[in-house]
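Read the figures in this text as sums done on the coordinates, not as results from a lab. Owing to the predicted nature of the structure, the values given are computational and were not obtained by experimental measurement. Reconstructed Cβ throughout: ideal geometry from the backbone, glycine too, with neighbour counts over all protein chains shown.
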Amino acid sequence: MTISDDGYVLHTRPFQDNKSIAIVFTKQQGLQRIVFQTSKNSKKQPSFKHFLQPFQLLWLTWKGSGELKTGKTVELSDLRYSLLGKLLYCGLYLNELLIRLLPAEEASPQLFCNYQKTLAVLQEDPLQIEMYLRQFEFNLLAELGYAVSFEYDTDGNEITTKANYVFLSDQGFCLAKKQAYLERPEANLFSGSDLLTLASLPWLNTEAQSVSHQLDIQQVWTKPLKGITKRIARMALAPHLGSKPLMSRALFFKQR
C-alpha cells in the first residue's frame with residue numbers, strides 16, 4: 001500500500017551503498033522510518049539527498065508494511081524554518097525528544113501542529129526560547145499520557161499557596177510532609193505559590209483546567225520561575241528518556 005503525508009525529517013543516517021534511512025515525523029502516520037535513494041545510480045532512481053533536510057515541510061510518499069518503509073517521492077513545500085546557532089540546537093533537541101519518546105506509527109496530528117508552531121516561534125521570537133521549549137516539553141508529555149498538573153496534588157486536592165510540594169515523576173506533586181517525600185529526601189521541593197503561578201499560564205496548563213485568574217506572562221515569567229519550570233520538565237522527562245544522554249544537549253553545551 002502506498003501512503004502520502006506531510007512530514008518533517010528528524011534524522012538521517014547512511015544505509016547500504018546509495019541510500020539513507022530517514023526518521024520522519026508525519027502528520028497522520030506518526031513516526032516513520034523510510035529508506036530513500038540518496039545517490040543517483042540511474043535515470044529511473046532519482047536522488048532525494050538534498051530534500052531530506054530538517055525543519056523543511058515535505059510531502060512524502062512511501063510504501064511497505066514493515067519497520068522500514070520504501071520511499072517513493074519527496075516534494076518540497078514553501079515552508080522551511082531557518083534555525084541558526086543556538087536556535088539550531090533547540091530544533092535538534094525537539095527532534096531528539098520526538099525520536100526518543102514517540103511510539104512508532106501512531107498518529108499525533110495535534111503534536112505535529114505543536115512541533116510546527118514551535119519551529120515557527122523559535123524563528124520569529126528567539127528571545128522567548130525557554131518559554132517555547134517548556135511548552136513543547138509539557139505538550140509532549142501530555143500527548144504521551146503523562147500530563148503534569150500544576151493545580152492538583154496526587155490525592156486530587158487543590159494545590160494551596162500555604163504548602164510545599166515534592167514532584168514525583170511517576171505521580172505528580174504531593175505534599176512534602178507525606179511519606180513519599182520521606183522516602184525520597186533528594187527530591188526537589190516546590191512552593192504551592194509557584195505551582196499555582198505556573199497553572200495560571202495558559203500555554204503551560206496542558207490540561208486546560210479552569211483557572212480563576214490569568215496573569216500577564218511577561219510579569220510572571222521571571223528568571224527564578226524559568227529555572228523552576230526547567231527543573232520540573234527535566235524531572236518529568238527523565239524516566240522516559242532513560243540514562244542515555246541527549247546528543248543535542250551535549251552539542252549545545254559544547255558550542256557555548
Rg ratio (alpha-carbon, reference 2.2 N^0.38 Å) - the chain: 1.15
Per the charge dipole of the chain (beta-carbon charges, Lys/Arg positive, Asp/Glu negative, Cα centre), the residue among Ala199, Phe150, Gly7 reaching farthest to the positive end is Gly7
Report, in debye and to the nearest 20, how large the dipole of region 2-125 comes out about its Cα centre when Lys and Arg carry +1 and Asp and Glu carry -1 on their Cβ. 540
Please work out the FRET efficiency for the pair Gln128 and Asp17, using the Cβ-Cβ distance as r and a Förster radius of 45 Å; give the result to the nearest 0.05. 0.50
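With only Lys, Arg, Asp and Glu charged, each at its Cβ (+1 for the first two, -1 for the last two), find how big the charge dipole of the chain is about the Cα centre; round to the nearest 20 debye.
Magnitude of the dipole: close to 1280 debye.
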Hey, got the Cα dimensions of region 106-160 along the principal axes, in Å, largest first? 40, 32, 10
Between Thr61, Leu101, Gln116, whose Cα lies farthest towards the positive end of the dipole of the chain when Lys and Arg beta carbons carry +1 and Asp and Glu beta carbons carry -1, centred on the Cα centre? Thr61
Amide H proximity to Lys19 below 5 Å, modelled H, separation 5+ or other chain, gives Thr38
Kindly give the semi-axes, whole Å and largest first, of the ellipsoid equivalent to region 2-125, taking each as the square root of 5 times a Cα gyration tensor eigenvalue. 24, 17, 13
Which whole-number value in Å³ per residue fits the convex hull of the alpha carbons of region 140-179? 71
Relative to a virtual label point 7 Å from the Cα of Gln28 in the Cα→beta-carbon direction, which members of region 76-100 show backbone nitrogen distances below 20 Å? 76-79
Exposure proxy check: Met235, Met131 ranked by fewest other beta carbons within 10 Å? Met235, Met131
Which value in deg cm²/dmol, rounded to the nearest 500, describes the helix-derived mean residue ellipticity at 222 nm for the chain, given -39,500 (n - 2.57) per DSSP H run of n ≥ 4 and division by the residue count? -11000 deg cm²/dmol
Hey, if you drop one equal point scatterer on each alpha-carbon of region 1-74 and run the Debye formula without solvent, what base-10 log of I(q)/I(0) do you get at q = 0.27 Å⁻¹? -1.40
Packing-wise, with mean Cβ within 10 Å as the measure, how do 66-72, 30-36 rank, highest first? 30-36, 66-72
Here, Arg100 and Leu144, labelled 7 Å along Cα→Cβ, have an inter-label distance in nm of 0.9
Cα centroid distance between region 48-80 and region 93-110, in Å? 16
Which entries in the list Lys86/Lys223; Lys117/Lys244; Lys162/Lys226; Lys86/Lys244; Lys117/Lys223; Lys49/Lys244 go over 26 Å, if you measure between the two C-alpha atoms of each? Lys117/Lys244; Lys49/Lys244
I need Tyr93, Tyr8, Tyr115 ordered by Cβ neighbour count within 10 Å, fewest first. Tyr93, Tyr115, Tyr8
Largest first and in whole Å, what are the equivalent-ellipsoid semi-axes of region 64-201 based on the Cα gyration tensor, each being the root of 5 times an eigenvalue? 36, 20, 13
Mind pulling the per residue volume of the convex hull built on the Cα atoms of region 57-135? Å³ is fine. 112
Extension gain, Gln110 back to Asp170 (0.36 nm per residue minus Cα-Cα distance, nm): 19.2 nm
